[in-house]
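This report refers to the structure that appears directly beneath it.
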Amino acid sequence: MASTPGGNSRTRVHVVSDVHGNARDLARAGDGADALVCLGDLVLFLDYADHSRGIFPDLFGVENADRIVELRTARRFEEARAFGARLWAGIGSDRSAVIEKAIRKQYAELFAAFPAPTYATYGNVDMPTLWPEYAGPGTTVLDGERVEIGGWTFGFVGGGLRTPMRTPYEISDEEYAAKIEAVGEVDVLCTHIPPEVPELVYDTVARRFERGSRALLDAIRRTRPRYALFGHVHQPLVRRMRIGATECVNVGHFAGSGKPWALEW
């Protein structure tokens, strides 16, 4: 903890989300902070801003990445799935093994970049089953759990809700609500996805509403944490708003900005 000129100690936490392969900036994200908080989506499967980056273009090329982004952005999800299925058919029966190998390569680099201490939860494109292999002793993984940092209680809920995109860590509304309930009353509620508020879930570049959580919104209104921090929506209509007593903050698309959001008390 940093000391102020008057002698009182203060705590500074840096928060990132949607890292999507940006290991270079992640290695510096904890500089000057007492702890780093990461709200998931470490994996870069396909960069919607630069279609040459990610697992998908590495396997299938930029032209095919352009096409699948075009279909998804137009919300033509069935066509996108059929197009993707034709591409994957060329990989053969080892699709899951190919994906896991690529994700492992990214995780090895990204987890090595985490400073100590780091408190992290999963995003919807992450593979939770692999995290125990890569999380070092300085990284604490939390999902539906709480931890104390500098005298404040932080609650963590990872993953996303089910969507037509069918990303790896999507769970049912009921399972998600149970994790929110398990966290209970906290000072800072940390989730990957935002509460279900139109201004917070609309992505202005993708031109679509992402899925937010009604259970999370209800918990914010009921338990009144000081802060609700989240990511998931890369270019939100609104990055910050108050819901009752709670300051709700989209902590940013770290892959694009390379800058953590700072919380100090």
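Below are the figures for this structure:
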quantity: Sulfur and carbon atoms: percent of accessible area, the chain [1.4 Å]; calculated: 49 percent
quantity: Solvent-accessible heavy-atom area per residue, rounded to whole Å², over the chain at 1.4 Å; calculated: 46 Å²
quantity: Amide proton proximity set for Gly159, modelled H, under 5 Å, gap of 5+; calculated: Tyr122, Gly123, Asn124, His192
quantity: For Thr153, residues with placed amide H under 5 Å, excluding near neighbours; calculated: Asp187, Val188
quantity: Over region 83-154: Kirkwood hydrodynamic radius from C-alpha pairwise inverse distances, Å; calculated: 14.4 Å
quantity: Rg over Rh, two decimals, region 149-253 (C-alpha only, Kirkwood Rh); calculated: 0.95
quantity: Beta bridges per DSSP with both ends in the chain, % antiparallel, nearest 5; calculated: 45 percent
quantity: Under Karplus coefficients 6.51, -1.76 and 1.60, residue-wise ³J(HN,Hα) of region 99-112 in Hz, glycine/proline x; calculated: 5, 4, 4, 5, 5, 4, 4, 5, 4, 4, 6, 6, 5, 5
quantity: Within region 42-171, percent of DSSP bridges classed antiparallel, to nearest 5; calculated: 50 percent
quantity: Percent RCO, i.e. relative contact order, over region 109-265, from Cα pairs under 8 Å lying at least 6 residues apart; calculated: 17 percent
quantity: Karplus-derived HN-Hα couplings along region 166-181 (A = 6.51, B = -1.76, C = 1.60, θ = phi - 60°), whole Hz, x at Gly and Pro; calculated: 6, 6, x, 10, 9, 10, 6, 4, 5, 5, 5, 4, 5, 6, 4, 5
quantity: For the chain: span of alpha carbons on each principal axis (Å, largest first); calculated: 64, 35, 29
quantity: Amide H partners (placed H, <5 Å) of Val141, local residues excluded; calculated: Ala120
quantity: Computed helical MRE - 222 nm, the chain, DSSP H runs ≥ 4 contributing -39500 (n - 2.57), nearest 500; calculated: -9000 deg cm²/dmol
quantity: Residue-wise HN-Hα coupling along region 125-142, computed from phi with Karplus coefficients 6.51, -1.76, 1.60 (Hz; x: Gly, Pro); calculated: 9, 7, 10, x, 5, 8, 4, x, 6, 10, 6, x, x, x, 10, 9, 9, 10
quantity: Radius 13 Å from Cβ of Pro198, net charge of other residues (Lys, Arg +1; Asp, Glu -1); calculated: -1
quantity: Spherically averaged projected area of region 3-130 from its Cα convex hull (nm²); calculated: 9.6 nm²
quantity: Length-normalised contact order for the chain - Cα pairs under 8 Å, 6+ apart - percent; calculated: 21 percent
quantity: Amide N proximity, region 162-178 versus Glu78 label position 7 Å along Cα-to-Cβ, cut-off under 12 Å; calculated: none
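The values are calculated or read from the model by the stated rules, or taken from the named source; none is laboratory data. Note that the coordinates shown come from a computational prediction; the quantities given were computed from them, not determined experimentally. Methodologically, a virtual Cβ is constructed for each residue, glycine included, from the backbone with ideal geometry; neighbour enumeration extends over all protein chains shown. Ligands, DNA and RNA are excluded from the accessible area calculation, which covers all protein heavy atoms including side chains. Shrake-Rupley method; radii C 1.70, N 1.55, O 1.52, S 1.80 Å.
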